[in-house]
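Asks: Encoded as C-alpha cells, here's the structure I'll be asking about.
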Amino acid sequence: MEALRNPDDCARAERAGDTEGVTAAVLLTGAPGAGKSATLQALAALLTRNGISFGAIEAEQFVRGSPRLTVEQAAEQLAATLELQRGAGRRLFLVAAGVETAAELAEIVAAIGTEQLLVVGLSASAETLTSRLAQREAVQRRGDESITARARALAAIAPRLNGIDCVIETDNATSAEVANEILTTMDGHGLLSG
C-alpha cells in the first residue's frame, strides 16, 4: 500500500485555529471495486473503537431506484442529509461516492460543504477491480457486466481526478490497512480534533 501525497495537495484538509464546532469530512472515491464501501465500514469501525463521533454515508445509495437519479440530484439529497446530521450534532462525516469526472467530484464536494475536507482516491488495477466485481456480482446475483467494463475504463482515471488530495493503492491492502492509513492522514490534518 502506497499513499501518493503531494504536501501542497492536502492543504484544503488543514485549518489553523480553534476547531470546536467545525465540520470535517473524508470523501472516499474511486472506480467500482476500488474498495470504497469496505474502507468506509473499516474506517467507521476504527472511529467507533476510538470513541469518535461521526456520520457515515454511501452517497451512491441516493442514485439507486428507477429511474436513476443524476449526480446533481444525488448531491442535493446528500447535502440535505448532511444538514440533518449537523442538526443532530455530528461534526465529522465519512462519505463514499463513485464519481467519473472532475465536475461530478466538484458537485459532491460542494454538497458535503464542510470547513475541512480530505478527498481520498482509492486506486486498484483493472485486473483487481474486475476480480473484486466478479466476486461481488456473484454474491449479489446481479450479473451486471456493464459495471465491470465501466470499472476497467475508470481504473486509471478516477483516482487521479482534479480535486483528489491523496491516492491510496488498494491492490495489495486490506480494507483495515487502508482505513488505518486514512485515519493517520486524518489525524495529521487535524480532522479528528474538535
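Coordinate-derived values only; no laboratory data. Here the structure is a predicted model, which means the values were calculated and not measured. Neighbour counts are summed over all protein chains in view; Cβ atoms, including those assigned to glycine, are modelled from backbone coordinates with ideal geometry.
Asks: Hey, quick one: spin label on residue 101, modelled 7 Å out along Cα-Cβ, who in the stretch 161-182 has an amide N within reach, i.e. under 17 Å?
Replies: 161-164
Asks: Here's another thing I want to ask about it. Whole angstrom only: what separates the Cα centroid of the stretch 32-78 from the Cα centroid of the stretch 146-185?
Replies: 15
Asks: Now a separate question. So what is the relative contact order for the stretch 27-82, in percent, with contacts set as C-alpha pairs under 8 Å and at least six apart?
Replies: Here the relative contact order equals 20 percent.
Asks: Can you list, bin by bin at 10 Å, the percent of alpha carbon pairs in the stretch 50-136, starting at 0?
Replies: 15, 42, 32, 11, 0
Asks: I would also like to ask the following. Just to verify a number: FRET efficiency for residue 156 and residue 44, C-beta to C-beta distance, R0 = 41 Å, to 0.05?
Replies: On the way: r = 28 Å, r/R0 = 0.69.
Step by step, r from the Cβ atoms, then E = 0.90.
Asks: Give the relative contact order (percent, whole number) for the stretch 51-194; include only Cα pairs under 8 Å separated by 6+ residues. Don't skip to the answer; put the middle values down first.
Replies: Details: 141 pairs, mean separation 36.2, N = 144.
After rounding, I find 25 percent.
Asks: Next question, about the same structure. Sketch the reach of a paramagnetic label on residue 72 as a point 7 Å from Cα along Cα-to-Cβ, and name the residues of the stretch 88-114 whose backbone nitrogen lies under 20 Å away.
Replies: What the label zone holds, given the 20 Å backbone N cut-off, is 98-113.
Asks: Something else about it: Within 10 Å, count the other beta carbons around each residue, average over each peptide in 107-113, 171-177, and list them highest first.
Replies: Details: 107-113: 19.3, 171-177: 15.3.
Listed from highest to lowest mean packing, they are 107-113, 171-177.
Asks: Along the stretch 53-70, what does the Karplus equation 6.51 cos²θ - 1.76 cosθ + 1.60 (θ = phi - 60°) give for ³J(HN,Hα), rounded to whole Hz, x for Gly and Pro?
Replies: Working through the residues one at a time gives 6, 6, x, 10, 9, 9, 4, 5, 5, 5, 7, 5, x, 9, x, 5, 7, 6 Hz.
Asks: Using mean Cβ contacts within 10 Å as the protection proxy, how do 51-60, 33-42 order, highest first?
Replies: Ranked by mean Cβ neighbours within 10 Å, highest first: 33-42, 51-60.
Asks: Right, another one. At residue 115 and residue 192, where each label point lies 7 Å from the Cα along Cα→Cβ, what is the point-to-point distance in nanometres?
Replies: 2.0
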